[in-house]
Each structure stands twice: as C-alpha cells, then as structure tokens.
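Just below is one structure, and these are the notes that go with it.
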Amino acid sequence: MTLRVLVADDQEIVRTGLAMLLNSRPGIEVAGVAADGREAVALARALHPDVCLFDIRMPVLDGIEATRRLHPLPVVVITTFDLDEHVYAALQAGARGFLLKEAGAEMLDQAVRAAASGDALIAPSITARLLRTFATGRARRRPLEPLTEREEEVLAVVARGRTNREIADELFISLSTVKTHIASLMAKLPARNRVEIAMWAYDNGPLSGKEDH
C-alpha cells in the first residue's frame with residue numbers, strides 16, 4: 001500500500017525539498033502541496049491523503065489551526081525551532097508528532113509511517129527539552145487509575161520519543177504487549193494518543209527509567 005502525503009509549507013524551496021524527500025522513499029508519494037494552511041485544509045478535504053505534513057508557521061491559516069480543523073486526519077508538524085511554543089499547541093490540537101526541518105529523509109519516513117499507523121513520532125533529540133519547558137508550572141494530574149510498574153516503564157520510554165518497536169526492544173517485550181500498555185495508559189491518564197501520553201509524563205514528572213544524554 002502506498003501512503004499518500006500532503007505537504008504544506010509557505011517556503012517554496014522547503015516545500016519542494018520535503019516533497020522530493022518523501023517521493024524518494026519506497027511506498028510513499030506526495031499527493032499534493034500547499035503554500036498556506038487554508039489551501040492545505042482545502043486540498044486535504046479534496047484529496048483525502050493518508051498523512052499531512054504541515055509547517056507550523058504559515059500565512060492565512062497556520063499549521064496549528066489547520067491541524068485542528070482536519071482532526072482526526074493524521075498530521076505531522078514540522079518547525080525550524082526546537083523550542084517553538086507553537087509546537088506544544090499543535091500537539092494539543094491533535095498532531096501526531098513533530099519534527100525539525102533538518103530531520104532528514106529517514107526520520108521523515110518514520111514519522112509519516114508512524115502517523116499513518118495510528119502511532120506518533122516525536123523527534124527524540126528535542127522531546128525532553130521541549131516538553132519540560134512547557135510543563136513548568138503546570139498543575140500535576142493524577143491518573144484515573146494507578147499505573148502498574150510496567151506501565152510506568154512504558155510511560156518513561158514513550159516520553160523519550162520512542163516508537164512502539166523501540167519500546168519493545170528496550171523493555172524486552174512483544175510489540176503487541178507494548179500496544180496493550182499504550183492503550184491502557186491512554187485510558188488511565190487520559191490521553192488521546194502517545195503524544196499526549198508524553199505531554200502528561202512531563203507535566204507530572206519526574207519519570208522513572210533511563211535518561212538520554
């Protein structure tokens with residue numbers, strides 16, 4: 001199955017570059033490109049892509065509002081700034097992950113496939129710094145039900161931006177077991193997706209588990 005992606009960025013050179021990178025990946029094709037958020041929303045509704053890749057800062061309508069209007073269509077947001085306050089708002093709007101524009105073809109590929117499969121990818125290099133920055137001063141929230149020890153372990157790894165496969169490998173559990181724990185965390189926290197699980201973790205830290213350096 002070929003994944004069809006809609007790309008939106010107000011800079012033509014970036015838009016063209018992202019489209020070229022995506023078209024070079026097996027099983028992915030760019031269904032359309034847009035120069036602003038309003039055009040992106042119209043194209044998404046007309047073309048029905050599997051995933052959208054939106055810049056956060058665009059004229060007419062920004063990537064945050066475009067993401068909100070298209071929810072629950074999978075959207076990955078991209079930004080130039082690794083501490084951009086709009087990233088946090090985009091995640092709250094329902095985005096299934098975010099990347100820096102310098103991420104490269106492999107990370108872009110992973111993010112698109114993760115979003116299409118109902119998963120989400122947060123660029124690991126900026127996850128902790130970004131979420132901790134915006135968690136500062138936020139009220140702690142208790143889960144609706146206590147987390148098991150294993151769920152706390154999965155929570156800690158999700159908060160570091162790991163995919164389900166990476167979580168399975170790190171914790172020596174099956175992929176299906178990871179998905180079961182993710183579903184349980186979504187119900188208990190509550191959270192709509194793994195991105196919100198990570199946001200909850202940094203709102204309510206400290207977390208158990210290893211830290212990346």
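Rule-based calculations on the coordinates, nothing more; no lab input. Please read these numbers as outputs of a predicted model, since none were measured by experiment. In this analysis, Cβ positions are derived from the backbone assuming ideal geometry, glycine residues included, and neighbour counts consider all displayed protein chains.
Taking a label point 7 Å from the Cα of Arg57 along the Cα→Cβ vector, which residues of region 97-124 have an amide N closer than 18 Å to it? Within reach of a label on Arg57: 98-103.
Per the Kirkwood treatment, what hydrodynamic radius in Å, one decimal, follows for region 1-89 from the mean inverse distance over all distinct Cα pairs? For region 1-89, inverting the mean 1/r across all distinct Cα pairs yields 12.8 Å. Taking amide H positions as modeled 1.01 Å from N, with prolines and chain starts lacking one, the residues under 5 Å from Ile78 and 5 or more places away or on another chain are Phe54, Asp55, Ile56, Leu99.
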